[in-house]
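Read the structure below first, then the notes.
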């Protein structure tokens, strides 16, 4: 009897270790299975992701507040230091902008007159929602941020996201209270663009670097450094003419674009609720295009 | 009497959940926007330090399912391929638990050296997986910087974990 008890005890420890090893192997396999499911990009995974981010959104919102406060304080001090210089610069800029305002008003009226003459369809109005970035840090492999507004605020997949400087990216996942923005620098970002002056069309393709590339430029197109790049509106998801950046580096291969929106300076963004009813780009189509990209 | 057992229960609950709460906090902290240029790309893998430390010193308080949950949460919040960090954290956890006799010494340098080995190994594997996932050769430079920042932060976090262990877990 005693000998049997001892044997039992000797068996019990390896059994525990075996159970632990089995559990470990099980979770490793589960992680690998998740990776395969994520690659397959099925709807269920997206649902799970949006539910989790919605649940975490309030906590992240609170956690990101001190950072916002510190940044604001630092900004405040910096602003105080170069107040004089800034003031001089702004006065100059104001004078220039007043001139441009006059030009813009005149052109606006002229445009309106031509449009009515030609009976051109007007672009639908763009209705922006302001959202705050509550999570940023995709790590080395992805360039995305989370914002604290979702479907309840009218945000849908595929909508353009901008800040004061220009285009930031587009919505790839819309939860109830939070949404994920794919930045235009991300490896998976493809945006139809047009060179503002020459009107040549291209695709702005992110590659995880700070400067996305211009792909599919017509062979005849002359691209030179400093050219402004704006959205073309092709595909009907983005309003046309949103500022993106300037051609910065012609390099050996494809020209690179320096975006106007500096990722690190982004705190608040505007999500542009833009629908083209006459093209029938409703929710279903927007989802389809979003999923297809 | 009743109150005393209640506080006793609360204390033991705090002890049992302390490592988990710490790592959960690190997971959330690592996705908070900082506004520091390029920091979001090379954000240190804070959760990896936590999983490593507690898997070495108190594996009973850092069970495998919890590591998996933290990994998936980190994947979802950071927007990366879901399952990637879960897999890497599990690898770290598995190595720590199986090599406990070697790693769980009083020597800080052994612990740090162990972490450097494990972190570099896990991230090389991670980089290979991500390249396969996106079917493109991604630059390894941000990963190298990220690992370096993480390794540099290990002493600070390990010290904080050690202090919390002294205060809460050995009382």
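No value in this document is a laboratory result; all are computed from the given coordinates. Fair warning: this is a prediction, and the values are worked out from it, not measured in the lab. Positions of Cβ are generated from backbone atoms using ideal geometry, with glycine treated the same way; all protein chains shown enter the neighbour counts.
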- Over all residues in B:90-99, what is the mean tally of Cβ atoms on other chains that come within 10 Å of each residue's Cβ? 3
- Task: Give me the distance between the Cα centres of the stretch A:23-46 and the stretch A:72-92, rounded to whole Å.
- Result: 50 Å
- Query: Pick from A:46, A:108, A:196: which residue has the top mean-square fluctuation in a GNM of chain A where Cα pairs under 10 Å get a spring?
  - Reply: A:108
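So for A:200, A:99, fewest C-beta neighbours within 10 Å to most, what's the order? All intermediate terms of the calculation are to be shown ahead of the outcome.
Working: A:200 18, A:99 10.
Ascending number of Cβ neighbours within 10 Å: A:99, A:200.
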- Sites residue A:196 and residue B:167 - FRET efficiency at Förster radius 60 Å, r taken between beta-carbons, to 0.05: 0.45
- Note on the structure: Ratio for the stretch A:127-292, C-alpha Rg to 2.2 N^0.38 Å, reads 0.99
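If Rh is defined by the Kirkwood formula over all Cα pairs and Rg also comes from Cα, what ratio Rg/Rh do you get for the protein assembly as shown?
1.06
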- Note to self, the protein assembly as shown gives a 222 nm [θ] from helices alone (DSSP H runs n ≥ 4, -39500 (n - 2.57) apiece, / all residues, nearest 500) of -19000 deg cm²/dmol
- Item | Shielding of B:65-77 by partner chains, average beta-carbon count, 10 Å | 5
- Can you tell me how much longer the chain between residue A:228 and residue A:91 gets when fully stretched, taken as 0.36 nm per residue apart minus their C-alpha distance, in nm with one decimal? 46.8 nm
- Message: Can you tell me which of A:186, A:164, A:75 moves the most in a GNM of chain A? Springs connect C-alpha atoms under 10 Å apart.
- Response: A:75
- Message: Please compute the modelled spin-label separation between residue A:51 and residue B:101, points set 7 Å along Cα→Cβ, answer in nm with one decimal.
- Response: 4.4 nm
- Tell me, how many Å apart are the Cα centres for the stretch B:77-152 and for the stretch A:156-186? 30 Å
- Message: Rounded to the nearest angstrom and ordered from largest down, what semi-axes does the equivalent ellipsoid of the stretch B:43-169 get from its C-alpha gyration tensor (root of 5λ)?
- Response: 25, 16, 13
- With springs connecting C-alpha atoms under 10 Å apart, model chain A as a Gaussian network and identify which of A:188, A:148, A:72 has the largest mean-square fluctuation. A:72
- Query: Could you give the angle, 0 to 90 degrees to the nearest 10, between helix B:108-134's Cα long axis and the longest principal axis of the Cα atoms of chain B?
  - Reply: 50 degrees
- Using a Förster distance of 35 Å, the FRET efficiency for residue A:98-residue A:252 (Cβ separation, nearest 0.05): 0.20
- Query: Got a sec? How would B:7, A:53 order by Cβ neighbour count within 10 Å, fewest to most?
  - Reply: B:7, A:53
- Item | Shielding by partners - mean other protein chain Cβ count within 10 Å, residues of A:25-38 | 6
- Message: Tell me whether the stretch A:62-149 comes out rounded, prolate or oblate; compute the Cα gyration tensor, take square roots of the eigenvalues as a ≥ b ≥ c, and use a/c under 1.5 as the rounded threshold.
- Response: oblate
- Inter-probe distance in nm under a simple model that places probes 7 Å from Cα toward Cβ, at residue B:139 and residue B:112: 2.9 nm
- Note on the structure: So, relative contact order of chain B in percent, Cα under 8 Å, 6 or more apart, is 24 percent
